[in-house]
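Worksheet: one structure, shown below.
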Amino acid sequence: MTTVVEGKPARQSHRDQGSGRGPMRRIKNSYHQYWYAWAMCVPVVLVLGAVVAYPLIQGVYLTFTDATSQNVGRTIGVNEIPDSFSWVGLKNYTEILTGPNNQFWPHFTWTVVWTIACVVLTYGIGLGFAVAINREIKARGFYRMLLILPWAVPTFVTVFAWRLILADDGVANQLLLGIGLDGPSWLSDPFAQKVAAIAVNIWCGVPFMMVSMLGGLQSIPRELYEAAEMDGATPWQRFVNVTLPGLRPVSSTVILLGVIWTFNQFNVIFLLFGGNSDSVQILVTYAYRLFFGQQPQDYARSATVGILCLSLLVVFTSVYRRWLKRHNEGVLA
């Protein structure tokens, strides 16, 4: 006897449910339906595999060895020297995280402070500029072009210009001297270096935040502002209750990107101070110094710091996405 579920035989219902079951079957069905899209993705997958996947796997492998520039295989003339490094397991991770002379945690602490300060200030300033130039003001196009200019200029040009500005006899100290203050050594004093690094990175990052926020502002319906104004809401109340909620999707994305980019911001630190200013080095420049800035070059420890950076960002991204999901569900509820 055949039972009926919602007007259909149970056997037929079971067969319908099992027709698309299993990931391999879904992939096969997707391939038959969108074969041209899969074909177009193949070159991209191959390039990413060669450019990203292989170096990543090689880097993970090096973290479990004692590879340096002295024991890695190389060719000198017609002579080929084979690899002589050995497998050491988790020794590199243990020494970097808990070793007596490890420098990971001081660099990690400064990297976190640097990332939070830059992202918060860049987001706040970018949002302020976006709100300002989103209004109907004279020469709005000129102001937009002027504010985007630091983003359009290549980073190395911007940083080298700031090196001249922040030199001991540069424009910054001349202005401070003009108001009766002695300017610090921006490029050599440890605390002044950190202030200078954050300031230069904000200068480079604000245009991106401003453009992103401006796009988000222009997607908010004007009717919401008009309704809030008719209800007697003040400008601040309209900003808190209309603007910020309307910018939530854009804000969540640019903050995540800002954290990832700032955490790995090699250009500003290295070009502004070089590789010798230990107090201002973040984790990525510390890994670079282990690889290129010493003899013998420590491939294993440099790769270990890189994998730790990747792990930290993966954990942060996962936690951040889950927090956003719960927060959005709470708002919708």
Positive minus negative residues near Ser69 (Lys, Arg vs Asp, Glu; Cβ under 13 Å) = -1
The relative contact order of the chain, taking Cα pairs under 8 Å that sit 6 or more residues apart, comes to a percentage of 23
From DSSP H assignment alone, runs of 4+ in the chain each adding -39500 (n - 2.57), the sum over residues rounded to the nearest 500 puts [θ] at 222 nm at -21500 deg cm²/dmol
The extension gain from Trp236 to Gln103, computed as 0.36 nm times the residue separation minus the Cα-Cα distance, is 43.3 nm
Could you check which residue among Pro150, Pro235, Pro296 shows the biggest mean-square fluctuation in a GNM of the chain with a 10 Å Cα cutoff?
-> Pro235
Mind giving me the FRET efficiency for Leu46 and Ala152? R0 is 35 Å, r the Cβ-Cβ distance, nearest 0.05 is fine.
-> 0.60
Segment Ser69-His327, extension gain: residue separation times 0.36 nm, minus the distance between their alpha carbons | 88.0 nm
In the full protein assembly as shown, how much of Trp110 is accessible to a 1.4 Å probe, in Å² to the nearest 10?
-> 20
Considering the options Ile116, Phe191, Thr68, tell which one lies farthest towards the positive end of the dipole of the range 67-194, charges being +1 on Lys and Arg and -1 on Asp and Glu at the Cβ, about the Cα centre.
-> Ile116
Using r as the Cβ-Cβ distance of Ile57 and Trp35, and R0 as 30 Å, what FRET efficiency do you calculate, to the nearest 0.05?
-> 0.55
With θ set to phi - 60° and the Karplus curve 6.51 cos²θ - 1.76 cosθ + 1.60, what are the ³J(HN,Hα) couplings of the range 252-261 in order, to the nearest whole Hz, using x for Gly and Pro?
-> 4, 6, 5, 5, 4, 4, x, 5, 5, 5
Given the convex hull over the Cα atoms of the range 18-86, what projected area results after averaging over all orientations, in nm²?
-> 8.3
About its Cα centre, what dipole magnitude does the range 235-333 give when the only charges are +1 on Lys and Arg Cβ and -1 on Asp and Glu Cβ, stated in debye to the nearest 20?
-> 420
Stretchable slack from Arg222 to Leu176, in nm (0.36 nm times residue separation minus alpha-carbon distance) = 12.1 nm
Which number comes out as Rg/Rh for the range 168-244 once both Rg and the Kirkwood Rh are worked out on C-alpha atoms?
-> 1.28
Size of charge dipole - the chain - debye, nearest 20, with Cβ of Lys, Arg +1 and Asp, Glu -1, no other charges = 1440
Kirkwood Rh, the range 159-208, all Cα pairs: how many Å?
-> 11.2
Tell me, what does the Kirkwood hydrodynamic radius of the range 232-296 come to in angstroms if you use every pair of distinct C-alpha atoms?
-> 14.8
Translational D (Stokes-Einstein, µm²/s) of the range 68-204 at 20 °C and 1.002 mPa s when Rh comes from the Kirkwood sum over C-alpha pairs?
-> 108
State the percentage of accessible surface on the chain attributable to carbon and sulfur atoms; use a 1.4 Å probe and exclude ligands, DNA and RNA.
-> 65
With Rg and Dmax of the Cα atoms in Å in mind, check (1) 27.1, 98; (2) 19.5, 64; (3) 24.0, 77 and report the label derived from this structure.
-> (1)
Quick one: which residues, 5+ away or cross-chain, put their amide H under 5 Å from the amide H of Thr65? H built at 1.01 Å from N.
-> Val88
With springs only between Cα atoms under 10 Å, which of Ala196, Ala152, Ala37 fluctuates most in a Gaussian network model of the chain?
-> Ala37
Would you kindly derive the ³J(HN,Hα) couplings of the range 293-303 from the backbone phi angles with the Karplus curve 6.51 cos²θ - 1.76 cosθ + 1.60 (θ = phi - 60°), listing them in order in whole Hz, with x for Gly and Pro?
-> x, 8, 10, x, 5, 9, 5, 5, 5, 5, 5
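The values are calculated or read from the model by the stated rules, or taken from the named source; none is laboratory data. Treat the numbers as computed from the prediction; the structure is a model and nothing was measured. Positions of Cβ are generated from backbone atoms using ideal geometry, with glycine treated the same way; all protein chains shown enter the neighbour counts. These accessible areas exclude ligands, DNA and RNA; they are computed on the full protein's heavy atoms, side chains included. Shrake-Rupley method; radii C 1.70, N 1.55, O 1.52, S 1.80 Å.
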